[in-house]
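The values are calculated or read from the model by the stated rules, or taken from the named source; none is laboratory data. This structure is a prediction, so every number in the text was calculated from the model and none was measured. In this analysis, Cβ positions are derived from the backbone assuming ideal geometry, glycine residues included, and neighbour counts consider all displayed protein chains.
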């Protein structure tokens with residue numbers, strides 16, 4: 001049993017008024033911690049594109065085309081599996097519904113593919129119905145590379161490792177194949193309200 | 001967030017392998033680069049600790065703390081020792 | 001050598017804070033009493049673990065600032081947005097307990113038998129393990145030539161300045177102050193680069209053993225410059241602290 005370190009406490013925002021917005025085991029932070037499994041990619045916009053579909057039958061947009069798509073401003077709470085929660089984060093991006101309306105639905109599951117090789121898997125049901133975006137602005141500013149810019153997936157109802165940074169495409173799959181963290185023991189679905197952090201939770 | 005190096009996870013490695021590991025030689029399974037563990041690129045601010053080859057960024061080791069256990073994946077290494 | 005815990009279990013133990021000394025405005029040295037300390041090597045570090053009343057645990061690593069044979073001391077720089085460092089520098093006091101495990105490390109260590117000449121490159125708080133090496137060298141009576149190049153924001157940010165200014169004649173200490181220099185400063189005033197190293201460092205032909213420590217960006221720039229100028233990579237040891245503080 002570790003001794004309590006006299007006078008030590010973690011930074012946290014008093015959360016009396018946040019009751020109901022904080023999933024079990026989480027604490028509210030004012031920071032926006034940067035977590036990464038690898039070096040930050042720096043993809044120039046003239047080399048960036050986004051694809052939806054399956055190999056051989058994809059719809060692809062370059063940066064200009066992507067920015068021409070209808071976008072939304074959304075304010076959401078986000079929950080990281082490392083236990084921090086950040087309330088009222090403001091994003092701008094294209095709804096995944098918009099992308100799938102244009103590209104078509106081609107399977108029950110999707111793998112997000114990203115610069116740097118990161119992947120994460122999601123049921124298509126969790127990417128549609130107004131639940132997910134490909135976001136390119138945060139707090140009114142273009143998304144910084146360390147937070148996933150030029151664009152990242154934003155799926156706030158799941159743990160934030162599913163909101164893949166540096167996203168470049170969604171590939172449909174017939175089965176729910178595990179992505180990067182799912183492969184190393186994290187939960188295949190990741191619902192923060194059921195505290196699904198690890199496989200088997 | 002800047003990467004650190006294998007020195008930063010010396011304690012974790014000693015806990016997992018039972019002995020000091022930062023001076024051990026690792027060989028990347030992707031590009032064959034041989035480096036002492038103290039020189040590998042470590043991304044420790046993540047849902048897990050990811051150790052990459054400083055030459056080609058290939059993932060060499062991943063450590064994830066799942067409840068009370070540390071799970072280790074060494075699949076990216078050709079050798080370690 | 002005195003127990004270096006190379007093999008065998010690395011266990012957490014409770015140390016007692018003996019004293020906290022001011023080094024600079026943002027840096028403190030914490031002197032510890034560690035029961036059953038097995039001894040350590042110059043360059044090694046410890047992991048420390050803090051637990052709050054709710055059971056929240058934070059772990060960090062700090063280099064041992066003292067030489068083998070001296071009591072364990074850790075030098076900590078307060079990071080403005082840090083969660084642990086402000087506690088260690090501002091709150092911790094004599095009599096408090098600190099959980100630690102160590103000593104840790106076998107790569108970034110120096111023993112007199114490793115020889116030299118020694119080239120020590122410090123960025124900000126990267127000076128800490130290098131100071132352990134310097135003290136070990138002095139305590140063992142080693143005559144290996146040594147040059148320390150220490151990059152710091154300002155002269156007031158130089159840690160152990162009094163000690164370094166009084167170093168023996170065969171220890172060359174060169175400062176470079178990157179943000180602000182005192183009036184009349186005739187020393188270097190820029191970040192470590194190839195040209196600076198060409199003037200200051202032992203040439204590759206001298207086959208020095210280099211230890212580079214500090215923020216990752218400092219270590220990357222300095223170590224790559226050494227290798228580019230012909231130093232064999234296996235003669236350049238590196239320890240990256242992450243972040244960008246102190247240089």
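Picking from A:171, A:144, A:177, which residue would you name as being closer than 28 Å to residue C:243 by Cα and surrounded by fewer than 23 Cβ atoms within 10 Å (Cβ to Cβ)?
Of A:171, A:144, A:177, the one residue that is closer than 28 Å to residue C:243 by Cα and surrounded by fewer than 23 Cβ atoms within 10 Å (Cβ to Cβ) is A:144.
For the stretch C:71-118, give me each residue that is within 17 Å of residue C:159 (Cβ to Cβ) and in contact with a helix residue (DSSP H, G or I) (Cβ under 7 Å, 6 or more places away or on another chain).
Selection gives C:75, C:76, C:77, C:78, C:79.
Residues in the stretch A:118-133: is at least one over 25 Å from residue A:23 (Cβ atoms), surrounded by 24 or more Cβ atoms within 10 Å (Cβ to Cβ), within 12 Å of the chain's Cα centre (by Cα) and at pLDDT 95 or above?
no
Does residue C:102 satisfy the condition of being within 14 Å of chain B (Cβ to nearest Cβ) and crowded, with 21+ Cβ neighbours inside 10 Å?
For residue C:102, the condition - within 14 Å of chain B (Cβ to nearest Cβ) and crowded, with 21+ Cβ neighbours inside 10 Å - is met.
Just the residues that are surrounded by fewer than 12 Cβ atoms within 10 Å (Cβ to Cβ) and touching a residue at least 24 places away in the same chain (Cβ under 8 Å), please, taken from the stretch C:182-204.
Hits for the stretch C:182-204 are C:182, C:198.
Can you report the number of residues in the stretch B:49-81 which are within 16 Å of residue A:35 (Cβ to Cβ), at the interface with another protein chain (Cβ under 9 Å from one of its Cβ atoms) and over 11 Å from the mean Cα position of the chain (by Cα)?
Summing the residues that are within 16 Å of residue A:35 (Cβ to Cβ), at the interface with another protein chain (Cβ under 9 Å from one of its Cβ atoms) and over 11 Å from the mean Cα position of the chain (by Cα) in the stretch B:49-81 gives 1.
Out of everything in the stretch B:31-45 that is more than 7 Å from every other protein chain (Cβ to nearest Cβ) and more than 12 Å from the chain's Cα centre (by Cα), what residue ends up being nearest to residue C:211 (Cα to Cα)?
Per the stated criteria, the residue is B:34.
What about residue C:165, is it touching a residue at least 60 places away in the same chain (Cβ under 8 Å) and assigned by TED's automatic domain parsing to the domain that holds residue C:211?
No, not satisfied.
Tell me whether the stretch B:7-30 contains one or more residues that are in a loop (DSSP other than H, G, I, E, B) and away from chain C (no Cβ under 14 Å).
Checking the stretch B:7-30: at least one residue is in a loop (DSSP other than H, G, I, E, B) and away from chain C (no Cβ under 14 Å).
So how many residues does the stretch C:62-86 have that are more than 21 Å from residue C:112 (Cα to Cα) and surrounded by 22 or more Cβ atoms within 10 Å (Cβ to Cβ)?
5
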